[in-house]
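Novice: My questions all concern the structure below.
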Amino acid sequence: MSIAFNFRTLAVLLLAAPAARAQNLDAIPQLQDAFLSSQIANMSLGEVARANAGKSTARPAGTASLAYTSTPALRARTVQAYVDRLKPTNPTAAQAVVASLGPGKNDYGPVYLQMTKDSGLRENDAADNLASFLILGWMIVNNVQDGNAITVPMARGVRAQITPLLAANTKLRTAGAAGQVGEEMKLQFVLLQGGWQSALKENTLAAYRQGIAAMFKNKYGMDLSLFKLTDQGLVAKSGAAASGGAAGAAPTTKTAVATAPAAPSGTGAAAGAQWFFRSVGDAYGGITFEPVALLANGQYCDVGETPLETLNPAADKAKRPAAWGTWRKNGSAVVLTGSKGHTASYTLGSGSWFPAYAAGAVPLQRTYKNSRGGSMGGATSLVISKLNFLDDSHFSEGADGGVVTANAAGGSRRSASGTYRLQGHTLTLTYADGRTVRKSFAIGAAGTPAHADNSMIFIGGDAYIEDK
């Protein structure tokens, strides 16, 4: 099955992927309509297990047509609807979507067709489109990177499971409903696939897989890791269906819970602060990471460039109001309330909330890189920054940047070196020309339960990935 993506097809979109950040994991591909979400929930482990045992009460296929005609106008409305949903929590990302997928820009329709043309699924059918989305999610969660492992009978098996569930929904019988759902699934498929390829390229695959797994669990009650893909569609793995459960119920799994690192000693806002980082979705289905400090006074802040030890909270709030809010414990969860009243709940071990560690937790790798880009008007930019820890006290850094427009292209390069010092959550860089720069610092985490991992660090609030 040619769901394996040709990276060149979306290279321009990934190049333009902004460094914008969302409030929580909801910016990862999501379904437009609540009734469609319920249909995915109906594919939960208990329902599929009963279907395989011949006990399904699902309505037979063929009672309603889910085929539709895709038009440029319909696809444009689909993009605009996605932009409208994204604006309240991530206006920067919404603007980036318009810049790349808006009127006169790239059309996701041909991209979707190219990626699924050998799948055996129909291009313009809501059940087929949802099947593609579920299969892609299953591939990501189960780390199946060979698209040829997904055969046409497997893909059609998933479609056969989905069709009666969608056909039984009366809302899909209204004029234009199947087209809305189908096009939404196409767009989400393209974004999800683009994020997957970006994660592979940036060495953040483990976190991306965790994030997508958490999305399907939390939003749709479906643990894709408990399924195998066969010619009969998604089938419960051996032993996974022992607990049964009602249709639509999320399967019960035991999640190892990580413990937060002890708060390092510090002064000012840093005193007693607890450090974490969260995965957030961008407009293209990719996942970025942002460090968060839970302050002892009940406030939280998205950590920026300035170290907490020297941060003036009042001045920083005036400069970055959206980066501040309050936090509270709710059982094992941490509930963040943003500056505009938006709340988000996070739990260690959920796949979107991780502990962050101070310097010294693990030895650092030699070289790290950060990539960022954006699109404004007709110009697309990309900057790749690298930082080399040459030994215990010396560093070198460099950055390559470029801007491309319809008529011209240009680039720049810079480099510098000097000495560095790490203490707690502060990185001090002293350059050869005498300049001294202090930035916030943290070490990332991996594994279950989570532990300090040196493949990702945070400098000045930005994620740097080990450059192998």
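The values are calculated or read from the model by the stated rules, or taken from the named source; none is laboratory data. Being a predicted model, the structure only gives us computed values, none of them experimental. Neighbour counts are summed over all protein chains in view; Cβ atoms, including those assigned to glycine, are modelled from backbone coordinates with ideal geometry.
Novice: Can you tell me which residue among Leu422, Leu427 is crowded, with 19+ Cβ neighbours inside 10 Å, in a strand (DSSP E or B), modelled with pLDDT of 95 or more and of a type in the set (A, V, I, L, M)?
Specialist: Leu427
Novice: Can you tell me which of Val111, Val97 is over 15 Å from Gln80 (Cβ atoms), of a type in the set (A, V, I, L, M, F, W, C) and at pLDDT below 90?
Specialist: Val111
Novice: Any residue that is surrounded by fewer than 20 Cβ atoms within 10 Å (Cβ to Cβ), basic (Lys, Arg) and either part of a helix (DSSP H, G or I) or outside the structural domain of Gln210 (by TED's automatic domain parsing) (or both) - is there at least one of those in the stretch 85-108?
Specialist: yes
Novice: Looking at the stretch 193-214 only, could you name the residues that are buried (at least 23 other Cβ atoms within 10 Å of the Cβ) and hydrophobic (A, V, I, L, M, F, W, C)?
Specialist: Trp196, Ala207, Ile212, listed by residue number.
Novice: Filter the stretch 435-450 for residues that are of a type outside the set (Val, Ile, Thr) and at pLDDT 95 or above; which is surrounded by the most Cβ atoms within 10 Å (Cβ to Cβ)?
Specialist: Result: Ala442.
Novice: How many residues does the stretch 269-296 contain that are at pLDDT 75 or above and not polar (S, T, N, Q)?
Specialist: So the count comes out to 17.
Novice: Additional query: If a residue must be of a type outside the set (S, T, N, Q) and under 18 Å from Ser371 (Cα atoms), how many such residues does the stretch 444-468 contain? Full working, then the answer.
Specialist: Of the residues in the stretch 444-468, the ones of a type outside the set (S, T, N, Q) are 444-447, 449-453, 456-468.
Next, only the ones that are under 18 Å from Ser371 (Cα atoms) stay: 444, 456-468.
The number of residues fulfilling the criteria is 14.
Novice: Starting from the stretch 213-227, take each residue that is closer than 13 Å to Phe133 by Cβ and list its partners that are at pLDDT 80 or above and in a loop (DSSP other than H, G, I, E, B), counting only C-beta distances under 9 angstrom and pairs at least six apart or across chains.
Specialist: Phe216/Asp223; Leu224/Asn142
Novice: If a residue has to be within 13 Å of Gln193 (Cβ to Cβ) and surrounded by 22 or more Cβ atoms within 10 Å (Cβ to Cβ) to count, how many in the stretch 139-149 make the cut?
Specialist: The qualifying residues number 2.
Novice: Which numbered condition in (1) outside any strand (DSSP E or B); (2) among the hydrophobic types (A, V, I, L, M, F, W, C); (3) modelled with pLDDT of 90 or more is the only one that Cys301 fails?
Specialist: (1)
Novice: Right, something else. Could you check Val403 against (1) in a strand (DSSP E or B); (2) at pLDDT 70 or above; (3) surrounded by fewer than 18 Cβ atoms within 10 Å (Cβ to Cβ) and say which number it fails?
Specialist: (2)
Novice: Does Asp453 satisfy the condition of being at pLDDT 85 or above, in a loop (DSSP other than H, G, I, E, B) and either over 19 Å from Asn203 (Cβ atoms) or out of contact with any Cys (no Cβ under 8 Å at 6 or more places or on another chain) (or both)?
Specialist: no
Novice: Turning to a different aspect of this structure: How many residues, within the stretch 321-355, are part of a loop (DSSP other than H, G, I, E, B) and either modelled with pLDDT of 95 or more or in contact with a helix residue (DSSP H, G or I) (Cβ under 9 Å, 6 or more places away or on another chain) (or both)?
Specialist: Residues flagged as part of a loop (DSSP other than H, G, I, E, B) and either modelled with pLDDT of 95 or more or in contact with a helix residue (DSSP H, G or I) (Cβ under 9 Å, 6 or more places away or on another chain) (or both) within the stretch 321-355 amount to 5.
Novice: Same structure, new question: Find all pairs meeting these conditions: Cβ atoms under 9 angstrom apart; at least six residues apart or on different chains; first residue within the stretch 169-195 and at positive phi; second residue part of a helix (DSSP H, G or I).
Specialist: Filtered contacts from the stretch 169-195: Gly176/Leu74.
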